[in-house]
Amino acid sequence: MLQDLFISKVRVKILQLLLRQPGQIYHVREIVRQISEEINAVRRELAHMEKAAMVTSEWRANRRYYSFRSDYLFFEDLLSMIHKTVGLGGDLVKNRNKLGRVKFAFISGSFVRGKSPNSSDVDLVVVGNVILPQLASIVKEEEARRELEINYTVMTEEEFTFRKRRGDPFIGEILSKSRVMLLGDEEEMLKTN
């Protein structure tokens with residue numbers, strides 16, 4: 001987990017909060033409430049993160065607000081790591097054994113970045129012999145947390161391979177967009193047999 005990579009548990013919690021919905025701004029006391037840590041520890045970590053150019057701050061009506069910088073060198077990497085450990089991605093990774101035999105699972109880049117999807121965008125793709133009620137339960141929990149509908153599609157490995165070989169426009173479109181792989185090998189998924 002991230003605690004293995006980052007020594008400070010407060011920093012891990014701040015990263016998880018700020019990167020779950022990139023672009024969102026948070027007041028210090030709001031961060032303290034959401035991550036349940038002491039205000040001085042939060043301020044200290046935010047100061048370190050600002051010095052390292054990870055976060056930016058701005059004053060609004062005598063309050064200091066923070067957000068994660070999308071131009072930070074490791075933004076995409078951290079974003080990917082966060083979404084593999086918390087939220088929908090974290091739940092899928094933790095419950096992979098309960099989901100059946102999943103060959104590939106990924107979430108779209110727009111979903112990870114918290115951007116408003118088009119009605120035709122797919123946020124989650126799962127390939128394999130999947131236990132659908134278990135997957136639906138995990139998706140419903142995340143929909144409740146985010147207060148928005150998550151578009152997902154499930155295919156057997158055979159269907160996915162067949163549609164990919166046939167040049168199916170739907171498969172071509174989802175494979176052409178940015179994504180965060182949760183389960184499976186991306187190179188294997190993309191190769192044409």
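Coordinate-derived values only; no laboratory data. Owing to the predicted nature of the structure, the values given are computational and were not obtained by experimental measurement. Glycine also receives a Cβ, built like all others from the backbone with ideal geometry; neighbour counts cover every protein chain displayed.
Computed from backbone phi with θ = phi - 60° and the Karplus coefficients 6.51, -1.76 and 1.60, the 3J(HN,Hα) list for segment 70-77 is 6, 9, 5, 3, 9, 4, 4, 5 Hz; x is used for glycine and proline.
Overall form of segment 86-190: oblate. Here a/c, set by the Cα gyration tensor axes a ≥ b ≥ c, is 1.5 or more, and a/b is not larger than b/c. Candidate cross-link partners of LYS115 among the lysines, defined by an alpha-carbon separation under 20 Å and a same-chain spacing of 8 or more, comprise LYS84, LYS140, LYS177. For segment 39-59, backbone nitrogen atoms closer than 11 Å to the point 7 Å from LEU73 Cα along Cα-to-C-beta are found at 53.
Think of each Lys and Arg Cβ as +1 and each Asp and Glu Cβ as -1; about the Cα centre, that makes the dipole of the chain roughly 520 debye. When only alpha carbons are used to place a centre, segment 57-117 and segment 152-193 end up 21 Å from one another. Could you give the nm distance between label points at ARG63 and MET181, where each point is 7 Å from its Cα heading toward the beta carbon? Computed distance between label sites ARG63 and MET181 equals 4.2 nm. Projecting the Cα atoms of LEU18, ASN129, VAL112 onto the dipole axis of the chain, where Lys and Arg carry +1 and Asp and Glu carry -1 at the beta carbon, places LEU18 farthest toward the positive end. The Rg/Rh ratio of segment 5-47, with Rg taken over Cα atoms and Rh as the Kirkwood radius over Cα pairs, comes to 0.92. Stokes-Einstein diffusion for segment 1-102, with the hydrodynamic radius set to the Kirkwood value over Cα pairs and evaluated at 37 °C in a medium of 0.692 mPa s, equals 228 µm²/s.
For segment 2-68, the Cβ-based charge dipole about the Cα centre amounts to some 160 debye (Lys, Arg positive; Asp, Glu negative; other atoms uncharged).
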